[in-house]
Amino acid sequence: MNYTQKMLRDDALRGKNIVVTGGGSGLGKTMTKYFLELGAQVAITSRNLKKLETTVEELEKETGGECFAIQCDVRNYDEVEKMRDEAISKMGSVDVLLNNAAGNFISPTERLSSNAFDTIIDIVLKGTKNCTLAFGKHWIDQKENNKTVLNIVTTYAWTGSAYVVPSATAKAGVLAMTRSLAVEWAKYGIRFNAIAPGPFPTKGAWDRLLPGDLKDKFDLAKKVPLQRVGEHQELANLAAYLVSDFSTYVNGEVITIDGGEWLKGAGQFNLLEAIPEELWDQLEQMIKAKKNA
Ligand code: HXC
Ligand code: NAP
């Protein structure tokens, strides 16, 4: 057994109907594939219908599962309500909302137009709000329970990060929403959790965060104590657990899956890792010599 393998038992998600925003590419696609393999029906949604349809065709062939493509720009509440109604009509009901859609790019903040900042906030924070409100209101009105919302954030939701300020601002809001509604809507049988991934290479993220030769100049694996980037299946395993009934007592949690990356940046003396082994003898002597000075 290792981390590239599938974790849950067959049929762990049988009977679950799942909506994955941004499910046509990257991590959304990987999670969708695993949900289908575990027996769920999945509706994937994003702006680009052609891409979604290609993904549906590919994943249905690979998994034998049932997957639906629904076009929706999460920034527009009317479109989100339509998407919700279409997902319900195609799958019968929806048990899980996975807020995965995002927009992001690197830029010094002073170079951003007001519209550029808004664009990211609108996709990430407003989009997550739109989907959460549309599905949540429906579940509450219909008195449906055993529902779960899983939000994909990042570790800079709490550390902040230079050069991706709109994304950091928006993800922090999503995290606050996750924790707030985990308490407020528990009485309706709706759970909220979040995953904060470290670097998991995808075309969408890498083209916008590490364009050109930045990929080679900034090897993200070097920032990670475990010295590697994430494998998509590791994230899919965690997501599948969090949307399954095995995790029904997990509520209001954000689970970091980053090989220790953010803590490496945070610990005051973590940079002492650069000190060679042989120097530690000298340093120890110097420190001890000060004791009675
Ligand atoms: C400065 C930029 C810009 C850039 C766009 N803009 N790119 N400003 N630097 N590189 C400005 C535009 O000039 C415009 O402002 C405004 O932003 C909106 O741009 P549009 O292209 O009109 O927007 P839209 O077509 O809606 O596209 C949204 C997008 C695009 C976010 C800009 O990149 C996109 O579609 N992204 C979706 C996928 C994605 O981003 N995936 C990565 C997620 S990775 P003006 O003022 O000119 O009108 C992620 C990982 C986090 O979140 C952690 C990793 C470790
Ligand atoms: P990705 O492939 O670019 O995924 C983003 C998805 O969001 C795309 O499928 C895109 O589809 C969709 N989307 C963008 N704007 C939308 C809108 N307005 N309405 C509906 N859908 C929209 O990137 P990814 O790396 O897989 O990212 C997935 C999630 O993981 C994001 O939440 C991201 O912040 C998070 N994350 C990723 C990493 C990483 O290392 N990859 C690390 C931390 C967090 P369309 O273009 O078709 O709309």
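Observations on the model:
- Assigned charges on the beta-carbon of Lys, Arg, Asp, Glu; region 149-221 dipole about Cα centre (debye): 260
- Reachable aspartates and glutamates, given that their alpha-carbon falls under 13 Å from the alpha-carbon of Lys264 and they are not under 8 places away in the same chain: Glu273
- With all protein chains in place and a 1.4 Å probe, the accessible surface of region 49-173 carries 48 percent carbon and sulfur.
- With all protein chains modelled, accessible area of Trp280 [1.4 Å, Å²]: 100
- DSSP loop GluC sites (Glu not before Pro) with at most 12 other Cβ within 10 Å excluded, longest remaining stretch of the chain: 1-276
- Solvent-accessible ranking of Tyr163, Tyr77, largest area first, probe 1.4 Å: Tyr163, Tyr77
- Here the calculated FRET efficiency for Phe117 and Leu214, from their Cβ-Cβ distance with R0 = 22 Å, stands at 0.50, rounded to the nearest 0.05.
- R0 of 35 Å, Cβ-Cβ distance Asp245-Thr4: FRET efficiency to nearest 0.05: 0.90
- Cα-centred dipole magnitude for the chain, charges only on beta-carbon of K, R (+1) and D, E (-1), debye, nearest 20: 520
- Each principal axis of the Cα atoms in the chain has its own extent, and those three values, largest first, are 78, 47, 39 angstrom.
- The Cβ shell under 12 Å around Arg228 holds other residues with a net charge of -3, Lys and Arg each +1, Asp and Glu each -1.
- For region 169-293, size of Cβ-based charge dipole, Lys and Arg +1, Asp and Glu -1, in debye: 440
The values are calculated or read from the model by the stated rules, or taken from the named source; none is laboratory data. Being a predicted model, the structure only gives us computed values, none of them experimental. Counting neighbours? That spans all protein chains shown, and the Cβs are built from the backbone with ideal geometry, glycine included. All accessible areas refer to the heavy atoms of the entire protein, side chains included, with ligands and DNA or RNA removed. Shrake-Rupley method; radii C 1.70, N 1.55, O 1.52, S 1.80 Å.
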